[in-house]
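Comments concern the structure below.
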Amino acid sequence: MHGRAQDRRFDAFRLAASRGVFSGRVDPSALPRLDDRVAGPGGYVDWTIHGCTDADGRPAISVALDGEVPLTCQRCLGTVSERVEQSTLLLLARDEADLVRLDEASEREVVLAGEPLDPAALVEDELLLTLPFAPRHEGDCAAPEGGAER
């Protein structure tokens, strides 16, 4: 199964059982919770959601991100392109009790998947966790005109 973030929600347990794949590309500036972190359009994130199981045979999905996100350098206030390469295995919980049980029994992240999941929200969540809190250019960069370096 292939799709894009704009497509309908998906049944994560069915995806895990079938070992299916759901994928697409998103402009990070189009994700509302990243609005204050992204320096503007021009970036991209290719994402893939694989249905799988963890080492103990529990249903899971793997969310992989690969792309470039324009961020504002906190030193010079210029744009810095942040490379994103991230893959996260998420265990699937059917309800709140299952979520608590899995969270206590595993070091893995757990997602409530009793209802169909929104791929755009999963991608946005992973980007929020992956992007640096205070991005900066590597090495030296110039201070903004008319201001002092931070």
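On the stretch given as segment 8-39, residues that are touching a helix residue (DSSP H, G or I) at 6+ places or on another chain (Cβ under 6 Å) and either free of Cβ contacts under 8 Å to residues at least 40 places away in the same chain or more than 30 Å from Val80 (Cα to Cα) (or both) total 1. A count restricted to segment 99-114 and to residues that are at pLDDT 95 or above and acidic (Asp, Glu) stands at 0.
In segment 97-114, the residue that is farthest from Gln86 (Cα to Cα) out of those that are in contact (Cβ under 8 Å) with a residue 40 or more places away in the chain and more than 17 Å from the chain's Cα centre (by Cα) is Leu102.
The values are calculated or read from the model by the stated rules, or taken from the named source; none is laboratory data. Bear in mind that the values here come from a model prediction, so they are computed numbers and not experimental data. Using ideal geometry, Cβ is built from the backbone for each residue, glycine included, and neighbour counts are taken over all protein chains shown.
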